[in-house]
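Below is one structure, written out as structure tokens, with a few remarks after it.
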Amino acid sequence: MQIIDAHLHFSAVKRFINCASKISKENYSVEGLEQLLVNNNIVYAVGMGIEETSNKAFPDHLQSNPMGLDLNEQLPSKIRCCIGINPMSLKKNFKTEIKKIIESLKSIKVIGIKLYPGYYPVSVTDPIYEHIFELAKEYQVPIVIHCGKTYAIKGYLNESHPLNVNQVALRNPSVKFIIAHLGDPWVMDTAAIISNNDNVYADLSGLIVGDEKAINKRSTKYFVEHIQRALDYANSYDKILYGSDWPLVTMEYYIDWIKQLIPSVYHKKVFFDNALNVYSGLKIYI
């Protein structure tokens, strides 16, 4: 089965580098990622743009827009980008920052936009993002929104609740929104939102951080049912996208774990078709 990984990372963020080295035990490099794609039959992947101006600075209020994939000058050929938005820099220097965002959206390798509420203390309902929603509409790209618990310990969790997505989705019906990480732990809220809004989807990235041992530990009845209950309630397998959040998790074991969550009849949709539907920019490559 061919796979599209709709959510991974390829940025020189120190937390990612440390996690790959010490926790997930992944080869976080061009060579490492290209080999993983081949080994797991991943035909394309979508990288979430994020950068920092110094080690462990993310969420870096000083980082300029747009944020991209800066781990290496050479980007693997099968990787496309959702450019990341830093609302703090956007508010301070709007004209310059928005101009750079517009220029990046003209690249064929940019197929979406990523927002980081919860990391930055700015909700997606903040007026500053209305300009971003208009650009998404103009360039016909989806917007991925971090929802749920943050990888950083000190997260603004009231800003990363998926219910905030419901508000902006209603106001922007022609824009496709993707709730990252199924909004975990608020997965039932995410389930209600994606089943009630034609333009809202969710990805399954980042539900586990770590290696095979960590994945086995998270294979308990209670955690598995926590996710499956939401998927069953939503009854929207045409709106669920596979994503890994690599390098935060060992990819091959995470793929197998997600397969066990999803009824086999929906595997092709979740692992391939839905991403192709949401990310129209991928269609020229497939």
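Give the residue that is least open to solvent (accessible area, probe 1.4 Å), with candidates limited to residues of the stretch 186-195 that are without any contact (Cβ under 8 Å) to a residue 40 or more places away in the chain and in a helix (DSSP H, G or I). Step by step, filter the stretch 186-195, then rank; the result is 193. Sub-6 Å Cβ pairs linking a first residue in the stretch 232-256 that is closer than 20 Å to residue 31 by Cβ to a second residue that is among the aromatic types (Phe, Trp, Tyr), at least 6 apart or interchain, are 244/254; 247/16; 247/28, ordered by first then second residue. Among the residues of the stretch 251-286, the ones that are open to solvent by less than 10 Å² (accessible area, probe 1.4 Å) and outside any helix (DSSP H, G or I) come to 2 in all. Filtering the stretch 167-176 to residues that are farther than 12 Å from residue 142 by Cβ and open to solvent by 40 Å² or more (accessible area, probe 1.4 Å) leaves 167, 170, 171, 173. Of all residues in the stretch 153-166, those being of a type in the set (Val, Ile, Thr) and open to solvent by 70 Å² or more (accessible area, probe 1.4 Å) number 1. Go through the residues of the stretch 177-185 one by one and say whether even a single one is of a type outside the set (Val, Ile, Thr) and either over 26 Å from residue 273 (Cβ atoms) or open to solvent by 40 Å² or more (accessible area, probe 1.4 Å) (or both). Yes, the stretch 177-185 has at least one match. Could you go through the stretch 73-83 and let me know if any residue there is crowded, with 19+ Cβ neighbours inside 10 Å, part of a loop (DSSP other than H, G, I, E, B) and in contact with a Ser or Thr (Cβ under 8 Å, 6 or more places away or on another chain). There is no residue in the stretch 73-83 that is crowded, with 19+ Cβ neighbours inside 10 Å, part of a loop (DSSP other than H, G, I, E, B) and in contact with a Ser or Thr (Cβ under 8 Å, 6 or more places away or on another chain).
For beta carbons closer than 9 Å, sequence separation of 6+ or different chains, a first residue in the stretch 44-73 that is over 20 Å from residue 160 (Cα atoms) and aromatic (Phe, Trp, Tyr) and a second that is open to solvent by less than 10 Å² (accessible area, probe 1.4 Å) and assigned to a loop (DSSP other than H, G, I, E, B), the qualifying pairs are 44/279.
Restricting to the stretch 18-46, give me the number of residues that are open to solvent by 10 Å² or more (accessible area, probe 1.4 Å), part of a helix (DSSP H, G or I) and of a type outside the set (A, V, I, L, M). The qualifying residues number 7.
Residues that are open to solvent by 60 Å² or more (accessible area, probe 1.4 Å) and in a loop (DSSP other than H, G, I, E, B) were ranked within the stretch 196-219; the one that is farthest from residue 18 (Cα to Cα) is 198.
The sole residue among 90, 115 that is open to solvent by less than 10 Å² (accessible area, probe 1.4 Å), over 20 Å from the mean Cα position of the chain (by Cα) and modelled with pLDDT of 95 or more is 90.
The values are calculated or read from the model by the stated rules, or taken from the named source; none is laboratory data. Everything numeric in this text was worked out from a predicted model, so none of it was measured. Neighbour counts are summed over all protein chains in view; Cβ atoms, including those assigned to glycine, are modelled from backbone coordinates with ideal geometry. These area figures cover heavy atoms from the full protein model, side chains too; ligands, DNA and RNA do not enter into them. Shrake-Rupley method; radii C 1.70, N 1.55, O 1.52, S 1.80 Å.
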